[in-house]
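First up is the structure itself, then whatever we jot down about it.
Just so you know, all these numbers are worked out from the coordinates, no wet-lab data involved. In this text the structure is predicted, and so the values were computed from the model without any measurement. A quick note on method: Cβ atoms are made from the backbone with ideal geometry, for glycine too, and the neighbour counts reach across all protein chains shown.
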Amino acid sequence: MILASTLTTNLAILVLAGFIGFVVISKVPNTLHTPLMSGTNAIHGIVLLGGLLIVGASGNGVFNKIILVIAIAFGTINVVGGFLVTDRMLEMFKSKPKAQDENQPTGGSGKEGGGTP
Amino acid sequence: MILATSFLQDQSFLDVLYIVAFGLFIQGLRGLSGPTTAVRGNRIAAVGMGIAVLATLLNRFEGNWGLIVLGVVLGTAVGVPAARQVKMTAMPQMVALFNGVGGGAVFLISWSEFRLTHGYSNTATYIAIFSLFAAIVGSVSFWGSNIAFGKLQEIIPGRPISFGSAQQVVNLVLLILAVAAGVDIAAGDHSQAIFIGLLVCSALLGNAVVLPIGGADMPVVISLLNAFTGLSAAATGIALDNTALIVAGMIVGASGTILTNLMATAMNRSIPAIVAGGFGGGGAVEGASGAGEHAGTVRSTSAADAAIQLAYASRVVIVPGYGMAVAQAQHAVRELTKELEARQVEVSYAIHPVAGRMPGHMNVLLAEADVPYDQLKEMDDANPEFQRTDVSLVIGANDVTNPAAKNTPSSPIYGMPILEVADSRSVIVIKRSMNPGFAGIENELYFDPKTAMLFGDAKSAVSEITAELAHI
């Protein structure tokens, strides 16, 4: 009984998360696809938690400890590297519109001759 | 019964922290929908990750801190310098690599889970099933991403490498073997040899699937592998009864699926067709005969002539492609743009969704070179504008400009949406040689009388034009 309810609850969470993912991501413009990919890439580094959970369980032999340390290292690379690299990319996207004028994100402020139809 | 719950101190406190964490992930991803909110969005997601990790660490009974610290320090020592130093042009392979290690972590976790529970004995069957699914998909993603990395880094040739017609059979057999091993274990076999067999088959499958895929299909492959790792993380989450893992993994799975679809649509190809292997011999033969028909009508130009043409244009559209990335020409292109704008030339950039080697690749490079966000036009906005464009400057882009996609039903790329540069009054193409692109298809555009070819490396060619402009 308890098992079944855990499974169904988790499946419900899974399905809802899928829909949220679809809705949220559909709005991202082409331009930001690379940062989006590397950002979501960082988020799936959350498997790191799996490594943290299992490494704490009793009964891990030497071999298990080794592969878990590798798993934790892999997960950390994924998370830390992913977020940092995304941040670097996004900083570049941000700098320009900010430098011009935040109220006019499409700001063709004089430079383009104002003749933009 | 469930591995995770047996050693957590306070499940409800943990759950609340996890809910906060995935709430932050969703909020963070929402931020990614615009360039001004994106930086904060990414940081919000990172904070969510920090909370999830902290919650996990807080709620453990046993020590083993040494191992955790060791793993985290190792990961940080590799991840931070890699992320800080990578060049923007090398971003696709970096993402592939980060994605790969994520997949690696997934299958290693499944393996340790298998060993810890002595082959899922005394474990609910569904837990075994999700853990095995994670092992297969994680392993495919790990090896597939590494191959993708190798191809992008040019350690492995970018050309499709395959067993030819036997490829599909090989892939299918490997998949069946991996799934059969999984079914056997889920049905109660505790043999580790079978589990290792499952990992080996998935590893071979990961290699066999990505090796035959050509360089230009990489945007699709990378987003597909990203989706795979996400889904396998979600499966790990169900196996460990961890909501943060389920939600985060599934969101990534969904977003990766959307991106994969967008990329495949932008190439007018189905995902199965891309996974089944690059453009076959048929495309190359077609290209060769096409070359025969057109040979001898290519007009080449010089940097000085190109500079004159650009200087007296009133509207110029730059079409960047992978060639710009390879030559790292984005800063040179920006210099040229500034020079033209100083002469009252209106300049914009037309960006094909699959230009480069990953989704949005060109945008990242141009953003690095400080090109204003609003000058970057997506394909649907750019296409109607070509008719009133004086000069289209194509820099290292090929297949995404090929009119054969519109006009030649027999062409392998027929039906792929393209940037319609042939509509503009004149075209300058910067290209290293007349070699056809990855698909082996001749580009009719180069034989168009209004097209002039400027042969050379994208960076030096663009710099030469800029230098010539100064003399006009």
Ascending count of other beta-carbon atoms within 10 Å, so fewest first, for B:Lys87, B:Lys406
B:Lys87, B:Lys406
Taking a ≥ b ≥ c as the square roots of the eigenvalues of the Cα gyration tensor, with a/c under 1.5 meaning rounded and otherwise prolate when a/b exceeds b/c and oblate if not, segment B:80-196 is oblate
Entries in A:Lys27/A:Lys65; B:Lys406/B:Lys431; B:Lys151/B:Lys338; B:Lys377/B:Lys406 that, when Cα-Cα distance is taken, lie over 31 Å
A:Lys27/A:Lys65; B:Lys151/B:Lys338
Beta carbons within 10 angstrom, averaged per residue: use that to sort the peptides B:443-452, B:153-162, B:221-230, highest first.
B:221-230, B:443-452, B:153-162
Per-residue mean of C-beta atoms belonging to partner chains within 10 Å, peptide B:257-264:
3
Send over the per residue convex hull volume for segment B:65-122, Cα only, as a whole number of Å³.
73
Looking only at other chains, what is the average number of their beta-carbon atoms within 10 angstrom of each beta-carbon in B:113-121?
3
Length gain on complete extension for the stretch B:Gln153 to B:Ser302, per 0.36 nm per residue less the alpha carbon to alpha carbon distance?
50.5 nm
Percent relative contact order of segment B:381-472, based on C-alpha pairs within less than 8 angstrom and at least six residues apart?
29
Net charge around B:Ser433, counting only other residues with Cβ within less than 14 Å of its Cβ (Lys, Arg = +1; Asp, Glu = -1)?
0
Where both residues lie in chain B, what percent of DSSP beta bridges are antiparallel, nearest 5?
0
What is segment B:322-469 by shape, rounded, prolate or oblate, if you read a ≥ b ≥ c off the alpha carbon gyration tensor as root eigenvalues and call it rounded for a/c under 1.5, prolate for a/b larger than b/c, and oblate otherwise?
rounded
Three-way shape call for segment A:1-98 based on the alpha-carbon gyration tensor, with the a/c threshold at 1.5
oblate
Using only helices, what value at 222 nm comes out for the protein assembly as shown when you add -39,500 (n - 2.57) per DSSP H run of length 4 or more and divide by the total residues, to the nearest 500 deg cm²/dmol?
-20000 deg cm²/dmol
Excluding B:Val47 itself, what net charge comes from residues whose Cβ is under 15 Å from its Cβ, given Lys and Arg +1 and Asp and Glu -1?
+2
Just counting partner chain Cβ atoms within 10 Å, what average do the residues of peptide B:127-139 show around their Cβ?
1
Using a 10 Å cut-off on Cβ atoms, rank the peptides A:58-71, B:239-252 from the highest mean neighbour count down.
B:239-252, A:58-71
